[in-house]
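None of the figures in this text is laboratory data; all of them are computed from the coordinates on show. All figures in this text were calculated on a predicted structure; none of them were measured in a lab. Here the Cβ is made from the backbone with ideal geometry for all residues, glycine too, and neighbour counts use every protein chain on show.
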Amino acid sequence: MRLTAHILTTTASIAALIGCLGFAPTIASADTAADLEKGKELAFNRKKGNCLACHQIAGGQLAGNIGPPLIAMKARFPDYDKLRAQIYDARTNNPNTIMIPFGPHAVMSDGEISLVTKFIHTL
């Protein structure tokens, strides 16, 4: 029994040390960076998000000016879910919008909309 207690204590200590060193957030950051890159690719893709057709986005070329520039998005949409809902179907907040309802028209899948939203939320 004494050996089992020692192993548990050692295991707990190692887990605490790993947490303090920040290994878990680094792994999450790598996933997040990959998601952001995928989201950017979808947002700039003329056959998918095509955000540049209407919006100016840092790093984008041949941007449109029908929609507002996509800057300070965390300040404009502090609630991530509201931004996602706007991208999914902007008609919910504005029935007269000219923004494409990406979700209802199946232009992008739910997963793709989430990736684009993650990217746009960082702008």
**Q.** Burial ordering of 35, 89, 110, fewest other beta-carbon atoms within 10 Å first
**A.** 110, 35, 89
Q. Can you list residues whose amide H is under 5 Å from residue 109's amide H, if they're 5+ apart or on another chain and H is modeled 1.01 Å from N?
A. none
Q. Which whole-Hz couplings ³J(HN,Hα) result when phi for each residue of region 59-69 is put into the Karplus expression 6.51 cos²θ - 1.76 cosθ + 1.60, θ = phi - 60°, listed in order with x for Gly and Pro?
A. x, x, 10, 6, 6, x, 9, 6, x, x, x
Q.
For residue 54, what residues show an amide H to amide H distance below 5 Å, using hydrogens built from the backbone and excluding near sequence neighbours?
A. 64
Q) How far apart, in nm, are the 7 Å Cα→Cβ label points at residue 82 and residue 45? A) 2.9 nm
Q: Please sort 78-87, 96-105, 112-121 by packing, taking for each peptide the average over its residues of neighbouring beta carbons within 10 angstrom, highest first.
A: 112-121, 78-87, 96-105
Q: Can you figure out the FRET efficiency of residue 35 with residue 96, using R₀ = 22 Å and their beta-carbon distance, to the nearest 0.05?
A: 0.10
Q) If you take all C-alpha pairs in region 32-121, what percent of them are over 23 Å apart? A) 12 percent
